[in-house]
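Read through the structure below, which is laid out as structure tokens, and then see the notes.
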Amino acid sequence: MRFTYAQSMTDPAHYVPLARAAEAAGFTSMCVADSIAYPAESDSTYPYSPDGSREFLEDKPFVEAFVLSSALAAATTTLRVLPFVLKLAIRPPVLVAKQAGSLACLSGNRFALGVGISPWPEDFAIMGVPFERRGKRMDECVQIIRGLCAGGYFEFHGEFYDIQRIKLTPAPTEPLPILVGGHSDAALRRAVRLGDGWMHAGGDDAELARLLDRIDELRSERDDPRSPFEIHVVAPDAYSLDGVKRLEDRGVTDVIVGFRPSYRHGLDVEPLAAKIDRLEQYAQTIIAGSPR
């Protein structure tokens, strides 16, 4: 089992020391959140908060995902960094490929690209991208990024993007892992069909079991199942040794752990020292006791 430290919507000055502390404590990865802007008016529903509210996001600081990932990678030597998840469908895929490939190159392949579709029409509107057929657009984005980050010349001719034969240099020296987030059946299919793994956004045990069963089913239907396939989950079981073992038995490769409720209103005022103490306690109790 591998362990990912999750920290977001906190004092931007805390990220680098937290990344160094997580690395020293034995975490494999650290994930960063993505948000472009907070609209003054919106009637959209957030699919992962208990009541569908998004007000918990107001006034929360979000450092741009690639900027923050670069800073964390530069400040560490072994820690893997990944967005959880980048709102890919609202971004130009060639630019994302350039950013992701450059970051993977500079970090010694310590970057994985977690991607998803923003649930909010406002994100698409402010970026000048149509909300309609966003799933198909997302599929094309993933294919373009994979092709361009492979090195060599690549061209693409799809419904949304028509890209002449081009090459991005530098390219990662290892394949860039693309991990797809989302709980819809379309997202699960996309993860298995186009991705190198799936990222879970949380929920109860019964829902996670259903999603893992569906992932297994979809992977079994493939003639050439992509292997290895990463499965990253947010689950209560990640906070006990027995629970970690249960998740591992279900095929989970990475647990994402954090120590502050994601949907809490108000600014994060917990001191940096307390945050470091929490992650070190977890490492001593769980990571040190888990088979590596």
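The values are calculated or read from the model by the stated rules, or taken from the named source; none is laboratory data. Predicted model only: the values in this text are computed from it and were never measured. Backbone-built Cβ (ideal geometry, glycine too); neighbour counts: all protein chains shown. What goes into the accessible areas is simple: the full protein's heavy atoms, side chains included, and nothing from ligands, DNA or RNA. Shrake-Rupley method; radii C 1.70, N 1.55, O 1.52, S 1.80 Å.
For beta carbons closer than 7 Å, sequence separation of 6+ or different chains, a first residue in segment 120-143 that is basic (Lys, Arg) and a second that is open to solvent by 70 Å² or more (accessible area, probe 1.4 Å), the qualifying pairs are Lys136/Glu159. In segment 139-158, what residues are more than 30 Å from Ser44 (Cα to Cα), open to solvent by less than 50 Å² (accessible area, probe 1.4 Å) and not aliphatic (A, V, I, L, M)? Of everything in segment 139-158, those that are more than 30 Å from Ser44 (Cα to Cα), open to solvent by less than 50 Å² (accessible area, probe 1.4 Å) and not aliphatic (A, V, I, L, M) turn out to be Gly147, Cys149, Gly151, Gly152, Phe154, Phe156. Among the residues of segment 47-90, those identified as part of a loop (DSSP other than H, G, I, E, B), surrounded by 17 or more Cβ atoms within 10 Å (Cβ to Cβ) and touching a Lys or Arg at 6+ places or on another chain (Cβ under 8 Å) are Thr76, Leu79. The condition of being over 26 Å from Ile287 (Cβ atoms) and in a helix (DSSP H, G or I) does not hold for Arg222.
The set of residues in segment 91-138 being among the acidic types (Asp, Glu), open to solvent by 20 Å² or more (accessible area, probe 1.4 Å) and outside any loop (DSSP other than H, G, I, E, B) consists of Glu122 alone. Just to be sure, is Glu174 exposed (fewer than 14 other Cβ atoms within 10 Å of the Cβ) and without any contact (Cβ under 8 Å) to a residue 12 or more places away in the chain? The answer is no for Glu174. Scanning segment 197-255 for residues being open to solvent by 70 Å² or more (accessible area, probe 1.4 Å) and either under 15 Å from the mean Cα position of the chain (by Cα) or at positive phi (or both) gives a total of 0.
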